[in-house]
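Below is one structure; the comments refer to it alone.
What follows draws every value from the coordinates through simple rules; no lab data is involved. Note that this is a predicted model, so its numbers are computed, not measured. As a convention, Cβ positions derive from the backbone with ideal geometry for all residues, glycine included, and neighbour counts pool all protein chains shown.
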Amino acid sequence: MPIISSPTDYREAARRRLPPFLFHYIDGGAYAEHTMRRNQADLADVALRQRVLQNMSALSLETTLFGQTLGMPIALAPVGLTGMYARRGEVQAARAATACNIPFTLSTVSVCDIEEVSDAIDRPIWFQLYVLRDRGFMKNALERAKAAGVRTLVFTVDMPMPGARYRDAHSGMSGPNAAMRRYAQAVLHPRWAWDVGLRGRPHDLGNVSRYRGKPTGLEDYIGWLGANFDPSISWKDLEWIREFWDGPMIIKGVLDPQDARDAVTFGADGIVVSNHGGRQLDGVLSSAQALPAMADAVKGQIAILADSGFRNGLDVVRGLALGADAILLGRAFIYALAAAGEAGVRNVLDLFAKEMRVAMTLTGAKSVTDLDPSFLARLPPS
Ligand code: FNR
């Protein structure tokens with residue numbers, strides 16, 4: 001394992017451990033990956049105001065979101081197939097999140113199902129739902145989530161159809177002879193093959209298998225996604241969910257101020273400003289570029305979460321100064337999970353917290369809830 005001195009070191013550690021089809025599935029984005037690169041580059045371009053001699057001996061990373069007190073303004077984002085990157089990966093990541101007093105969001109297309117993850121920890125998970133053609137599946141998933149104690153629903157709306165990800169065809173995730181190529185890669189990565197490939201079974205889409213009453217494996221994954229995403233979706237379709245779901249409902253994948261205002265009108269409790277980590281439409285704004293106008297449109301009426309490109313604690317402080325209330329981590333925690341399981345996720349979250357404290361000390365922010373645009377020296381380029 002390479003030396004880990006920063007969250008970004010886990011990317012290389014994950015690359016060494018995972019078969020390439022999985023590493024590139026995580027690491028890649030849509031088309032030429034311009035937006036994916038801009039997500040990180042634009043955050044790095046956000047300059048904070050350095051302030052000194054402000055007596056920064058007491059700092060608070062705590063915040064309140066949807067009535068929950070969080071240890072820091074971070075949640076783990078929903079990431080499909082997490083149980084392929086580490087053995088029963090969703091459970092390991094949920095345990096790490098719980099230890100750090102932050103929420104874990106379970107993806108619709110997780111390996112471990114709602115019940116397996118909920119039973120493993122003693123705080124409610126957040127559940128992410130996609131809009132799917134099969135409304136019976138959606139209803140079943142919502143009912144099971146409710147029964148498992150889930151209160152917070154993350155509704156992802158930026159995938160009316162899957163984006164084109166060129167790397168997947170090259171890496172063996174899809175494309176010709178994909179199953180054979182994946183098998184050959186697993187043989188060449190024996191640590192992963194033993195730990196996850198063999199001992200991490202079953203490798204189902206847990207929530208889908210339970211609903212269909214039969215295993216839905218990786219071979220079916222891309223096909224199932226393609227057949228089930230629903231481009232006809234509109235705000236009207238969300239109304240029955242709003243009626244059914246009495247807990248907080250967060251709309252994920254909003255990037256335009258008009259859509260943010262529509263989310264407020266709809267009655268959402270929060271939005272996630274996100275381009276899906278650059279995995280959907282290449283060429284759209286980075287989250288750092290989009291955030292200021294989104295904050296302006298929402299005017300504090302509902303919570304603003306953001307993701308896409310946040311790789312360290314300094315980025316989180318930048319995101320909060322740009323107008324977010326909390327940040328979702330995607331690849332940042334997945335690389336750590338793939339490299340070192342639950343301990344890796346705990347460590348990466350510790351590193352985030354340490355970096356946030358340094359950034360807060362040197363910007364004069366005593367609490368994360370103080371952060372706002374007055375802490376910025378320069379916005380990302382438009
Ligand atoms: C995702 N993302 C995602 N989002 C979602 O709502 N449901 C899902 O199942 C998935 N699956 C998924 C798989 C993988 C491998 C990645 C990398 C991402 C998007 C995710 O929630 C989040 O929006 C992005 O990961 C944020 O960008 P960063 O932090 O990864 O740059």
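Tabulated values for the structure
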quantity: Listed residue (Thr64, Ala41, Pro78) projecting farthest to the positive dipole end of region 1-141, Cβ model; calculated: Ala41
quantity: Relative frequency of Cα-Cα separations exceeding 32 Å in the chain, percent; calculated: 28 percent
quantity: Modelled label reach - Ala147, point 7 Å along Cα→Cβ, region 208-233 residues with backbone N closer than 19 Å; calculated: 208-216
quantity: Label-point separation, Ser57 to Ala179 (7 Å along Cα→Cβ), nm; calculated: 6.7 nm
quantity: On Cα atoms only, tilt of 178-187 relative to the major axis of the chain in degrees; calculated: 80 degrees
quantity: Per-residue [θ]222 nm for the chain (sum of -39500 (n - 2.57) over DSSP H runs n ≥ 4, rounded to 500); calculated: -13000 deg cm²/dmol
quantity: Global size of region 119-232 as Cα Rg and Dmax, reported in angstrom; calculated: 16.4, 44
quantity: Within-14-Å neighbourhood charge of Leu59 [Cβ basis; K, R +1; D, E -1]; calculated: +1
quantity: Cβ crowding within 10 Å averaged over residues, with 60-67, 204-211 ranked highest first; calculated: 204-211, 60-67
quantity: Length added when fully stretched, Ser382-Glu219, from 0.36 nm per residue minus Cα-Cα; calculated: 54.6 nm
quantity: Full-extension gain in nm, Ile3 to Ala99, via 0.36 nm per residue minus C-alpha separation; calculated: 32.2 nm
quantity: By average C-beta atoms within 10 angstrom, highest first, the peptides 339-347, 117-125; calculated: 339-347, 117-125
quantity: Under 25 Å from Lys299, Cα to Cα: lysines that are on another chain or at least 8 residues apart; calculated: Lys236, Lys252, Lys366
quantity: Mean projection area, nm², convex hull over Cα of region 193-344; calculated: 11.5 nm²
quantity: Cβ-defined net charge surrounding Ala227, 11 Å radius [Lys, Arg +1; Asp, Glu -1]; calculated: -2
